[in-house]
Amino acid sequence: MSFLSYKELIEEGDTVILYLSANSMHALRVVRTILNKNNESVENVFQTTYGALKVANLVGKSFGSKVELTRGWAYVLHPTPELWTLTLPHRTQINYGTDISMIVFQLEIGPGSLVVEAGTGSGSLTHALARSVRPGGTVCTFDFHEQRVAVAKEEFDSHGLASVVEARHRDVCEHGFGQELDGRADAIFLDLPHPWLVIKHALKAYKQSGKSNL
Ligand SMILES: C[S@@+](CC[C@H](N)C(=O)[O-])C[C@H]1O[C@@H](n2cnc3c(N)ncnc32)[C@H](O)[C@@H]1O
């Protein structure tokens, strides 16, 4: 599946948003079995305030359809960057929709842009950046926390963003963004504790003249 385009039917392996109400949504991976605390493979049954859902029953349902829970019902929605921001597993503080709209607007990015982001964090902003630059663009996102990079990369891949997002493990305050990005970035967004230490590296990564590919 891909967050970057819509499809009609849910397939095994997809990520879906289970919508109970505007204040209660969950991102689910449609897999038939999961591991329990004892590392045993068990049927994937997701518990909500309106009862349980056998996740395998979602396969073949249309995105947007109403699904039964044991004590109520919910809607199963196609994921978007906005819904992912509201449901993602937090590893860090994240950017939320209102700020993300302003960030994307002020970065003046669009299809074909090359955007550099640090840090990746939980990948909330990255999903919105990826949608903004496709087709033809790239988001190079950096974080110095190795495990965070690995988890984010796995999420980007399973959300169909692999062709747009490059997740890299690096301390950008110490080492900058790497020579291969010198003079190539249309936009750079810094969300880390000491952004002023990155300014000299950002100046190297920015395009030196001309406009973006917009
Ligand atoms: C607040 S989080 C970013 C959240 C992200 N914007 C989101 O929306 O999910 C800050 C991230 O910056 C990373 N970070 C802090 N200092 C860094 C550095 N010098 N180089 C690379 N990443 C760094 C942290 O590991 C953390 O994951």
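Of note:
- Restricting Gly110, Gly123, Gly97 to those that are over 19 Å from Asp14 (Cβ atoms), small (Gly, Ala, Ser), modelled with pLDDT of 95 or more and within 12 Å of the ligand (Cβ to nearest atom) reduces the list to Gly97.
- Test result for Glu117, more than 12 Å from the ligand (Cβ to nearest atom) and touching a residue at least 40 places away in the same chain (Cβ under 8 Å): no
- Conditions (1) within 12 Å of the ligand (Cβ to nearest atom); (2) within 30 Å of Ile17 (Cα to Cα); (3) outside any helix (DSSP H, G or I); number of the one not met by Ser163: (1)
- Search result, residues across the range 1-49 that are crowded, with 16+ Cβ neighbours inside 10 Å, hydroxyl-bearing (Ser, Thr, Tyr) and either more than 21 Å from the chain's Cα centre (by Cα) or farther than 18 Å from Leu88 by Cα (or both): Thr48
- Search result, residues across the range 19-50 that are closer than 26 Å to Arg134 by Cα and free of Cβ contacts under 8 Å to residues at least 60 places away in the same chain: Leu28, Val30
- Hey, Gly97 among the small types (Gly, Ala, Ser), touching a Phe, Trp or Tyr at 6+ places or on another chain (Cβ under 6 Å) and surrounded by fewer than 16 Cβ atoms within 10 Å (Cβ to Cβ) or not: no
- Near pairs, Cβ below 6 angstrom, 6+ apart or cross-chain, from the range 93-113 (β-branched (Val, Ile, Thr)) to any residue that is away from the ligand (no atom under 13 Å from the Cβ) and open to solvent by 20 Å² or more (accessible area, probe 1.4 Å): Val104/Ser132; Ile109/Ser132
- Of the residues examined, Glu43 is one that is in contact with a helix residue (DSSP H, G or I) (Cβ under 8 Å, 6 or more places away or on another chain) and modelled with pLDDT of 95 or more.
- Test: residue in the range 185-201 that is open to solvent by 40 Å² or more (accessible area, probe 1.4 Å), part of a helix (DSSP H, G or I), acidic (Asp, Glu) and modelled with pLDDT of 95 or more: no
The values are calculated or read from the model by the stated rules, or taken from the named source; none is laboratory data. None of the values given here were measured: they were computed from a predicted structure. Positions of Cβ are generated from backbone atoms using ideal geometry, with glycine treated the same way; all protein chains shown enter the neighbour counts. For accessibility, only protein heavy atoms count, side chains too; no ligands or nucleic acids. Shrake-Rupley method; radii C 1.70, N 1.55, O 1.52, S 1.80 Å.
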